[in-house]
Amino acid sequence: MSQTESAAAWSEVAAGWERRDPWVSAGAKPVTEKLLERLAPRPGHAILELGGGVGEVGRGVAARVGPDGRVLITDQSEAMIEVARRAAEGVANVSFQAADAQSTGLPAESFDGVVGRFVLMLAQDPAAVIAETHRVLRTGGQVAFAVWASAPDNPWGSTIGRALLDLGLAEPPEPDAPGPFRLADVDRVRLLFDSAGFDHPILDEVPIAMRYASFDEYWDVTCDLAMSLRNALRELPEKRAEELRSLVRERLAQYEGDDGLEIPGLARVFSSRKLPR
Ligand SMILES: C[S@@+](CC[C@H](N)C(=O)[O-])C[C@H]1O[C@@H](n2cnc3c(N)ncnc32)[C@H](O)[C@@H]1O
């Protein structure tokens, strides 16, 4: 999938992400808190969010940099940017721009911090994102990126993909294709930072729990957020779609309790600062 195709695909799910903003925000809360702690934005800082989606992290940062600071929320998808703009209505110190995280076109050394939640592994070339981050940061500026650990560590987000493969309903992805679990190798991510001229990154492991009132809610939420499921359901005959749903339900039954489903996950936050030359 080219970057243009990726932007178009993410635009297709922008309405779903807008609908599920509170759910994503609740599930990812420990990750957001860790990102903000490591980014450590201060009043007056200029902060760039890459792949901001509906901009929840950027809104959190805006509250911290105060009226003398500014946050630029970017995303490759124009539709996501429109949602982010709506969600931040009335917030004075936030602006928005459609931009590819690999090449933003923003001035060099113009930000005190760069943050990205669950975007690095989705770019065609994560090394280009890290290099671009380094370019736009001032010396000493902070970066904090969240990525997912492996697929088995994240059954909330990987069970459907696994079931699609096991039922022969999807082709295995190309090796190293952009995807949520592509940067699960800690050493690889560390090397990306080291090679770009950042200080050796700090790694925080952040366990999460995704909660759903029922399996039906899990399915609906996932249909709203996940392109892979939407695409599969668009093309599958009803019987095959039902088979998929049954297999996923069976595999997630172990996470079912009195209050619905609580499915574990593991994210990682890598943070660092730009070293003087
Ligand atoms: C999984 S969503 C995460 C959105 C948001 N950061 C969050 O945590 O809620 C990934 C977002 O990254 C964006 N994205 C993927 N590749 C990108 C790239 N190369 N440049 C900019 N945005 C990108 C997508 O358009 C999408 O909005």
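The values are calculated or read from the model by the stated rules, or taken from the named source; none is laboratory data. Remember, it's a predicted structure, so these values are computed and weren't measured experimentally. Backbone-built Cβ (ideal geometry, glycine too); neighbour counts: all protein chains shown. Just so you know, the surface numbers come from the protein's heavy atoms only, side chains and all, with ligands and any DNA or RNA stripped out. Shrake-Rupley method; radii C 1.70, N 1.55, O 1.52, S 1.80 Å.
Do any helices (runs of 4 or more DSSP H) lying entirely in segment 175-247 carry at least 2 residues that are in contact (Cβ under 8 Å) with a residue 60 or more places away in the chain, away from the ligand (no atom under 16 Å from the Cβ) and under 20 Å from Ala149 (Cβ atoms), and which ones are they?
Ranges flagged: 186-196.
The number of residues in segment 57-69 being more than 11 Å from the ligand (Cβ to nearest atom) and surrounded by 23 or more Cβ atoms within 10 Å (Cβ to Cβ) comes to 2.
The set of residues from segment 165-219 being crowded, with 16+ Cβ neighbours inside 10 Å, among the charged types (D, E, K, R) and over 21 Å from Arg20 (Cα atoms) comprises Arg182, Arg190, Asp204.
Comparison of Arg251, Arg234 shows that the only residue that is over 30 Å from Thr133 (Cβ atoms), modelled with pLDDT under 95 and surrounded by fewer than 19 Cβ atoms within 10 Å (Cβ to Cβ) is Arg234.
Matching residues to (1) more than 30 Å from Glu109 (Cα to Cα); (2) of a type outside the set (Asp, Glu):
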residue	(1), (2)
Ala232	yes, yes
Glu235	yes, no
Pro264	yes, yes
Ser271	no, yes
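Among strands (runs of 3 or more DSSP E) entirely within segment 92-164, having at least 1 residues that are more than 9 Å from the ligand (Cβ to nearest atom), open to solvent by 50 Å² or more (accessible area, probe 1.4 Å) and touching a residue at least 40 places away in the same chain (Cβ under 8 Å) singles out 137-148. Selection of segment 24-41 for residues being away from the ligand (no atom under 11 Å from the Cβ), over 25 Å from Asp125 (Cα atoms) and either free of Cβ contacts under 8 Å to residues at least 40 places away in the same chain or within 16 Å of the chain's Cα centre (by Cα) (or both) yields Ala26, Lys29, Pro30, Glu33, Glu37.
Residues in segment 70-82 that are surrounded by fewer than 21 Cβ atoms within 10 Å (Cβ to Cβ) and outside any strand (DSSP E or B): Glu78, Ala79, Glu82.
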